[in-house]
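*Asks:* Let me give you the structure first, and then I'll get to my questions.
The values are calculated or read from the model by the stated rules, or taken from the named source; none is laboratory data. Keep in mind that this is a model prediction, so the values were computed, not measured. Cβ: placed from backbone, ideal geometry, glycine included. Neighbour counts: every protein chain shown. We work out accessible area using only protein heavy atoms, side chains counted, and drop any ligands, DNA or RNA first. Shrake-Rupley method; radii C 1.70, N 1.55, O 1.52, S 1.80 Å.
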Amino acid sequence: QAARGGVAMGAGAAAGKKIGCVGILGSSGAVGQEMLKCLEERGFPAERVRLFANRSVGNVVKSSVFGDITMEKFTVEAAQECEVVLMAVSGGFSTEWAPKISGGPKNTAVIDNSSAWRLDKNVPLVIPEINGGKNSEAALIANPNCTTAIGAMVLWPLHQKYKLKNVIMSTYQAASGAGAAGMAELEDGLAAWVKEGKVPPPKAFAHQLPFNVIPQIDAFQKNGYTKEEMKVTWELQKIFGLPDSVKVSCTAVRVPTLRAHSESIVIETELPVDPDEAREVLRKAPGVKVVDDPASLKYPLPLNATGEHDVEVGRIRRSLIYGDHGLELFLSGDQLLRGAALNAVLIAEQAVAARLAA
């Protein structure tokens, strides 16, 4: 059984067993809302969901699966009444509160979507199809950066088969990467241009996004890369267990699309790689959909990837630079799903399956 793609349901759900409660902290934001949808659509094995959002206390969310849910003020005690808590909050908030929520009377597991814990050597950074299993059973687990997660789904099966040597990535990242405020700014800016002939000054972004692209996401680092770009390098190294000899470089660009990120990736491999064979490798990979028929104008598009659980990959071709030891490809994936909410829920499914099997 799967939902909006090829990702199988958790073992706990299939067996009919359930935990008492799963909580979402930051439930009123774009990622938090998608987390609830993923729990509903995937039949997450929990009796109830609790929603924590300090700015929306008292609001009622109607769920087709979990009934009416009243948003609550966050307290550690309330969160620890849940066996699993999904966090869609800022890094600063997570740094302070995630360790306090983790553990307690129900041995609460925390799955954090912020950047706070991703590079902590004691906290696993998890994409379930790649390095889940025991890592998904930790007390505190980090969700990868959205750009990393989407790219990793395609790079991992290729790395297993051909061994990555170098990765060069350029990204085309949607407004959703800046949350609900980013999406609203893009939509409102376009609406203002239609009505008034001009776009209002930006608030969520450094520059106007409608009719523009912005080659900066996050702060610039001393080496000239932005932090977003370095996140891809650091996180792929940690998730894949790459040696220092494997180099990963990224240029991250914000584009005026709404919510699916795209990436152009060039890889050099240790072993010879054939494009047709690589397509078959990717067709068999979980969470990946090959869309690669240029003759029929079929290739990944952010519009088509929006709302889908799988990452679409296409434009797979032999690299003119690296020859038999290189590929070039293009992919699109929903930033709010595989890049955030879905990945967190998949981790939670593995964590709960282990608990229910114990």
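*Asks:* Report, to one decimal in Å, the Kirkwood hydrodynamic radius for region 286-358 based on all distinct Cα pairs.
*Replies:* Working: mean 1/r = 0.0707 Å⁻¹.
14.1 Å is the Kirkwood radius here.
*Asks:* First measure r as the distance between the Cβ atoms of L301 and V65, then evaluate 1/(1 + (r/R0)^6) with R0 = 22 Å and state the FRET efficiency to the nearest 0.05.
*Replies:* Result of the calculation: an efficiency of 0.15.
*Asks:* Something else now. Taking only Cα atoms and a 10 Å spring cutoff, compute GNM fluctuations for the chain and point out the largest among T70, T171, T108.
*Replies:* T70
*Asks:* On a 1.4 Å probe surface of the protein chains, which of W193, W117, W97 comes out largest in accessible area, and what is the full order?
*Replies:* Details: W193 120, W117 40, W97 65 Å².
Accessible-area ranking of W193, W117, W97, largest first: W193, W97, W117.
*Asks:* Considering only DSSP beta bridges where both residues belong to region 286-355, give the percentage that are antiparallel (nearest 5). Before the final figure, lay out the partial values.
*Replies:* On the way: 7 of 10 bridges.
About 70 percent, rounded to the nearest 5.
*Asks:* Across the Cα atoms of region 174-276, what radius of gyration and what greatest pairwise Cα-Cα distance (Dmax) are found, in Å?
*Replies:* 17.4, 56
*Asks:* Something else about it: Please list the non-local residues whose amide H lies under 5 Å from the amide H of K289, H modeled 1.01 Å from N, same-chain partners needing a gap of 5 or more.
*Replies:* For K289, whose amide H was placed from the backbone, the distant partners under 5 Å are V311, E312, V313.
*Asks:* What are the semi-axes of the equivalent ellipsoid for region 34-174, taken as the square roots of 5 times the Cα gyration tensor eigenvalues, largest first, in whole Å?
*Replies:* Numbers: eigenvalues 180, 62, 47 Å².
Square roots of five times the eigenvalues give 30, 18, 15 Å.
*Asks:* Let me ask something else about it. Write down the Kirkwood hydrodynamic radius of region 113-194, to one decimal in angstroms, obtained as one divided by the mean of 1/r over all alpha carbon pairs. If you can, show how the numbers build up before the last one.
*Replies:* On the way: mean 1/r = 0.0653 Å⁻¹.
The answer is 15.3 Å.
*Asks:* Principal axis extents for the chain, Cα atoms only, whole Å, descending order, please.
*Replies:* Computed over the Cα atoms, the extents are 57, 57, 43 Å.
*Asks:* Can you give me the span-like helices of the chain, meaning DSSP H runs with 18 Å or more of Cα extent along the axis and Kyte-Doolittle mean at or above 0.5? Intermediate values should be presented prior to the final figure.
*Replies:* On the way: long enough: 146-162 (24 Å, 0.48); 179-196 (25 Å, 0.15); 227-240 (19 Å, -0.72); 342-357 (22 Å, 1.26).
Helices meeting the span and hydropathy rule in the chain are 342-357.
*Asks:* Moving on. Each residue of region 72-79 in order: what ³J(HN,Hα) in whole Hz does its phi give by Karplus 6.51 cos²θ - 1.76 cosθ + 1.60, θ = phi - 60°, with x for Gly and Pro?
*Replies:* For region 72-79, the Karplus curve yields 10, 6, 6, 9, 4, 4, 5, 5 Hz.
*Asks:* Sort out for me the Cα centre separation of region 230-285 from region 139-157, rounded to whole Å.
*Replies:* Computed from Cα coordinates, the inter-centre distance equals 11 Å.
*Asks:* Still on this structure, please answer the following. Note down the nm distance, to one decimal, between modelled labels 7 Å out along Cα→Cβ at A206 and at Q221.
*Replies:* Each label point is offset 7 Å from its Cα along the Cβ direction, giving 1.5 nm.
*Asks:* Another one. Viscosity 1.306 mPa s, temperature 10 °C: give me the Stokes-Einstein translational D for region 228-326 in µm²/s, with Rh taken as the Kirkwood radius over C-alpha pairs. Before the final figure, lay out each step's value.
*Replies:* Details: Rh = 15.3 Å.
For the chosen part, D equals 104 µm²/s.
*Asks:* Could you pull out which residues in region 163-177 have an amide N less than 19 Å from a spot 7 Å beyond the Cα of V213, following the Cα-Cβ vector?
*Replies:* 168-177, by backbone N distance to the label point.
*Asks:* Here's a follow-up. So in the chain, what percent of DSSP beta bridges are antiparallel if you round to the nearest 5?
*Replies:* On the way: 32 of 62 bridges.
About 50 percent, rounded to the nearest 5.
*Asks:* Given the C-alpha centroids of region 300-342 and region 24-74, what is the distance between them in whole angstrom?
*Replies:* 30
*Asks:* Hey, another quick one. Please state the charge dipole magnitude for the chain, taken about the Cα centre, from unit charges on C-beta atoms (+1 on K and R, -1 on D and E), reported in debye and rounded to the nearest 20.
*Replies:* Working: 38 positive and 39 negative charges, 65 e Å.
Computed charge dipole of the chain: roughly 320 debye.
*Asks:* Compute all pairwise cysteine Cβ distances in the chain, then list the cysteines with no distance under 4.7 Å to another cysteine.
*Replies:* Those would be C38, C146, C250, since no other cysteine Cβ in the chain comes under 4.7 Å of theirs.
*Asks:* Hey, could you get me the Stokes-Einstein D for region 44-116, Kirkwood radius over alpha-carbon pairs, 37 °C and 0.692 mPa s, rounded to whole µm² s⁻¹? Before the final figure, lay out each step's value.
*Replies:* On the way: Rh = 12.9 Å.
D, rounded to a whole number, is 255 µm²/s.
*Asks:* Tell me the mean residue ellipticity at 222 nm calculated for the chain from its helices only (DSSP H runs of n ≥ 4, each -39500 (n - 2.57), averaged over every residue, nearest 500).
*Replies:* My calculation for the chain gives -9500 deg cm²/dmol from helical runs alone.
*Asks:* For E40, E96, write out the residues from largest to smallest accessible area, computed with a 1.4 angstrom probe and no ligands counted. List each step's numbers first, then the result.
*Replies:* On the way: E40 40, E96 95 Å².
Order by accessible area, largest first: E96, E40.
*Asks:* Just how many pairs of Lys in region 190-310 have C-alpha atoms closer than 15 Å, counting pairs that are eight or more places apart or on different chains?
*Replies:* Working: K222/K231; K231/K247; K238/K247; K289/K298.
For region 190-310, the number of qualifying lysine pairs is 4.
*Asks:* While we're on this one: Report the calculated FRET efficiency for K134 and K284 (r = Cβ-Cβ distance, R0 = 25 Å), to the nearest 0.05.
*Replies:* On the way: r = 24 Å, r/R0 = 0.95.
After rounding, the FRET efficiency stands at 0.55.
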